[in-house]
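To start, the structure itself, in structure tokens.
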Amino acid sequence: MSQRPAVETPEAAAQALSHSPESLRARVQQALEEAKKQGATDAQVVVSHSVGLDLGVRKGEIETLEHERDQNLSLIAHFGQSKGAASTTDFSEQALLDTVEAACRIARYTEPDPYAGMPSIAFKAVDWQDLDLDHPWELSIAQATELAQRTEQAGFDAESRIENSEGASVNTRRAMAFLGDTQGFMGGYRSTRHSLSCALVARGDDGMQRDYAYSVSRRAADLGIPEDIGREAAERTVRRLGGEKLSTRSCPVLFAPEMARTLIGSFTRAISGPAQFRESSFLLNALDERIFPEWMRIEERPLTPRGLGSAPFDGEGVQTRNRPLVEQGVLRSYTLDSYAARRLGRETTGNAGGARNVTVRPGTLDAPGMLREMGTGLLVTELIGQGVNPVTGDYSRGAAGFWVENGEIVHPVEEITIAGNLKDMFRAIVATGSDVDYRGNIRTGSILIESMTVAGE
Amino acid sequence: MIDNLARQTLLDPAGLGESELSRLVGTTFGQGIDGGDCYFQFACQEGWSLEDGIVKSANFNIERGAGIRVVRGEQTGFAYSDDLAMPALLEAAGTARSIARAGQSGGVAVQGRTPARELYVPDNPIDSLGEQEKIDLLKEVDAEARAADPRVTQVMCSLAGSREVVMVLNARGELTTDVRPLVRLNVQVIVEQGGRRESGSSGGGGRFGYRHFLENGQAAAYAREAVRQALVNLEAVDAPAGSMKVVLGPGWPGVLLHEAIGHGLEGDFNRKGTSAFAGRIGERVAAEGITIVDDGTLAGRRGSLNVDDEGNPTEETVLIEDGILRGYMQDELNARLSGTQTTGNGRRESYAHLPMPRMTNTYMLGGNADPEEIIGSVEDGLYAVNFGGGQVDITSGKFVFSASEAYLIENGKVTRPVKGATLIGNGPDVLTRVSMVGNDMQLDPGVGTCGKEGQGVPVGVGQPTLRIDGMTVGGTQAA
């Protein structure tokens, strides 16, 4: 039996941050005071620091061992309605002065923007929740090596056609950031992120295929079992062998959960403040319009404990809230920071830094159930390229996956494209699955779209 | 022997001199170590952007740090530090060498190497224009775009410049410095007609100062080009779907080469046998007459470097000669393990990233055909002249690149514009289907950034007009 890899202690020596919260807070304060001294009417400072370990094993041997240690100070200085920004990785006294000076100098040249400014104090987070994001992993090099070796070996053992490997890797990272502004907001917290991944190569009669599997979480105890990840990577790789092109056709398309995530990603970009005020969205002015089928609901859940996208306050110190974005298929809110809010005549929604833990309400069908629901069509398990036009919603991407008939996988397919328009695709969603993928900032099950154009032979 | 600028920006502030560098090499590397380097970098970068007709924001960033890499066999240990003082460097060195139980030597003599080429002027682009001149430049672009057509509703443009001072001290004690300027101007416009909105974008840049954009009305030309593209898209009909003949325009459509064969010919994937091109040197992978090179030695180009990030001179490397696969792009580690020499393609995003084989400027040499004749030879097909990005699965060889401006070819004539569509193909065989090569080889305007394993580096591409007999076009209109 496999054991879960986690060994936890409250303050793991391997993940000791080299700055204390007090020292980061003091740097924020000092930069704010310096900005004031140089004449800024308002300022905001973020100081961040992280340490990490990345260990890669290939064919059983350590291939790379990387120790990561990053730090950054960034500042926005407001001079009335003008502003300037500067950042540095150098934490010396002189660099801090130079950085403040650079932001202030820029602000003297940029032109007044009637919408510039900081969020009203009324929106700032006051007593924010501990979202349980900090779980350091005391992981020695030997332990990390063993985890990666077990993962990769399980992949080789699972399938005889796995003949090569890009390796298995273990990554653990711990970060701390403090945000402060001249209106008196000061907040910060620590967070961790750990992952275990494996990418394998299989050879068939007509060439090679590569695929991967991974697990990622805030807490090492929540990571998948190494052997399961290795086996999954092997299965995903081998099942792609012998892929065929399809003839060009229109047919139903089922996006597997990790691909369905990209559709929801296009949605969140389209409802973001900049996309709206730059008129660069296929969902321009779509507030209160029905953009998905009536049964669909999408929420933002920034306050989910241990969520990969969780944050108690946004990039301006504004309180984040769990809230619906789409109810009964109708768009209920844009995702706005204070600047976009002023531009659009609305209130900030706590989205400086983006939407967090965007969650599509799961349907009732599991993965096999979704295949049966589709009947005959294309299951997409990989997409390549950036062929999404954010302004028009025109969609055309390279795809690989499986041809499905009567709810059963018939054969792998590759070297095809799928195309449509996102507005039409969203309205043509037939079902969302219960097979939710929680490994990211967007959580959705698989998504079935009634019909798209598939181009091949 | 050490470049003055490197001394001032990297060594003096940290109190480092030649004796410290000598001790650092001696302590970091030693018996049993096959290679590695201490990579020092000082980068300053600025960006100015215009929106709604005003330059409302700008940023300035400074990064300084050192990455220490120790290589033994196939293994690499790596650590980096934002602090360049000796104790921090020695700590990073100790961490990086933890993969190897190797001896140390007291000190290694540091010898300066001077790059053989000067492909760009080391002046700081940020100082090449005054702040007000930068703002005026962006305003000129905005005014030009708005004046070009009343259907323009939004103009967004940005000006970015950086200078990196890079110092590579390798395990042999060889010390090489390079000072790298880079600028870029981008314009994006939104046009609207009868409720339909479309966008167009243009831009360019390279390793020079901002004055480049003032010469020959270059900035204004970018503005007009972005508007032209957006207006073409207003008229675009649904793109066709299926396999057809494709004619690619010259210049930036060379992203085809970058995706279809470039990545697949990087030394790391071939040493590990994970590339669809592995073990195929000497085989035919393109039609006769096709020659493709990766050339980091072009003056002022975005993808050019005097030396790569391992301190080795960049080269003109022939990848495919008259259709036959001739070589891979190598860094030191992969060259050593493959029993060959580096080609000066070892690149990294910054001191906080590991180097690996990367492209510089990748392009196909021109042929004999007149571009008009190429279009005229196609009865029914697609003519694609502008592209967004692309992507490749190097193991299966499948690659895509996405057209942002394309037209139907009907009876040998370019007719209606069609909406953007992704083109997909198989790298090892797509170039065998090239049936005509134009005499109009052109390099891209200097806008490309290549991503690999999470690291972005500036690159260039180029090609002449090409006719490909059979690629899958991913439109919505099935024939």
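Summarising the label geometry, the points placed 7 Å from Cα in the beta-carbon direction at B:S338 and B:A143 lie 5.3 nm from one another. Sequence-distant or interchain residues sharing an amide H contact under 5 Å with B:V55, placed H: which? Excluding prolines and chain starts, which carry no amide H, the hits are A:E111.
When B:Y407, B:Y39 are sorted by how many other C-beta atoms sit within 10 angstrom of their C-beta, beginning with the fewest, the order is B:Y407, B:Y39.
Once you divide the Cα radius of gyration of the stretch A:88-224 by 2.2 N^0.38 Å, the number left is 1.66.
Computed from label points 7 Å out along Cα-Cβ, the spacing between A:S92 and B:Q8 is 1.5 nm. Cβ-to-Cβ counts within 10 Å put B:S158, B:S304 in ascending order as B:S158, B:S304, the fewest first. Couplings 3J(HN,Hα) for the stretch A:277-284, derived from phi with the Karplus relation 6.51 cos²θ - 1.76 cosθ + 1.60 (θ = phi - 60°), are 6, 8, 6, 10, 10, 6, 10, 4 Hz, where x marks Gly and Pro.
With a cut-off of 10 Å between beta carbons, the residues surrounding B:S350 carry a summed charge of -3, where Lys and Arg count +1 and Asp and Glu -1.
Averaged over the residues of peptide B:467-476, the number of Cβ atoms from other protein chains lying within 10 Å of each residue's Cβ is 5.
Placing a label point 7 Å from the Cα of B:A116 along the Cα-to-Cβ line, the residues of the stretch B:307-321 whose backbone N sits under 12 Å from it are B:307, B:312-316. Using the Cβ-Cβ distance between B:E18 and B:D370 with R0 = 51 Å, the FRET efficiency computed as 1/(1 + (r/R0)^6) comes to roughly 0.30.
Length available on full extension from A:D127 to A:R332: 0.36 nm per residue minus the Cα-Cα distance, which gives 71.1 nm. In whole angstrom, how long is each semi-axis of the equivalent ellipsoid of the protein assembly as shown, when you take the square root of 5 times every eigenvalue of its Cα gyration tensor and sort them from largest down? They are 38, 34, 32 Å, listed from largest to smallest. For B:T153, the residues whose modelled amide H falls within less than 5 Å of its own, excluding neighbours fewer than 5 places apart on the same chain, are B:I190, B:V191, B:E192. Sorting B:C38, A:C104 by the number of Cβ atoms found within 10 Å of their own Cβ, with the fewest placed first, yields A:C104, B:C38. Applying the Karplus relation 6.51 cos²θ - 1.76 cosθ + 1.60 with θ = phi - 60° to the stretch A:246-260 yields 3J(HN,Hα) values of 9, 6, 5, 6, 10, 7, x, 10, 9, 8, 4, x, 6, 8, 4 Hz, where x marks Gly and Pro.
Relative to the dominant Cα principal axis of chain B, helix B:18-28 is inclined by about 80°. Evaluating kT/(6 pi eta Rh) at 20 °C and 1.002 mPa s, with the Kirkwood radius of the stretch B:240-478 over Cα pairs in the Stokes-Einstein relation, gives 121 µm² s⁻¹. Shielding of peptide A:84-91 by partners, expressed as the average count of other chain Cβ atoms within 10 Å per residue Cβ, is 6. Helical content alone sets the calculated 222 nm signal of chain A at -7000 deg cm²/dmol, taking -39,500 (n - 2.57) per DSSP H segment of four or more residues and averaging over every residue. Shape index of chain A: Rg/Rh, with Rg the Cα radius of gyration and Rh the Kirkwood radius from the inverse mean 1/r over Cα pairs, equals 1.00.
Ellipsoid semi-axes for chain B, based on the Cα gyration tensor and the rule √(5λ), read 42, 29, 17 Å when sorted largest first. Compactness ratio for the stretch B:26-78: Cα radius of gyration over 2.2 N^0.38 Å (N = residue count) comes to 1.99. For A:A125, the residues 5 or more places off, or on other chains, whose built amide H falls under 5 Å of its own are A:V318, A:Q319.
For the pair A:R108 and A:Y438, the difference between a 0.36 nm per residue extended length and the Cα-Cα distance amounts to 114.3 nm. Sequence-ordered 3J(HN,Hα) estimates for the stretch B:434-443 from the Karplus curve with 6.51, -1.76 and 1.60 and θ = phi - 60° stand at 6, 10, 9, 10, x, 9, 10, 3, 9, 8 Hz, glycine and proline given as x. All Cα-Cα separations within the stretch B:4-234 were binned at 5 Å from zero, giving a P(r) of 1, 7, 13, 14, 12, 10, 9, 8, 8, 7, 6, 4, 2, 1, 0, 0, each value a whole percent of the pairs.
Relative to the 2.2 N^0.38 Å rule of thumb, the stretch B:291-346 has a C-alpha radius of gyration ratio of 1.13. Using the Cβ-Cβ distance between B:R172 and B:D123 with R0 = 30 Å, the FRET efficiency computed as 1/(1 + (r/R0)^6) comes to roughly 0.45.
Bear in mind these aren't lab numbers, they're just calculated from the coordinates by the rules spelled out. Note that the coordinates shown come from a computational prediction; the quantities given were computed from them, not determined experimentally. Here Cβ is always computed from backbone atoms with ideal geometry, including for glycine, and neighbour counts include all displayed protein chains.
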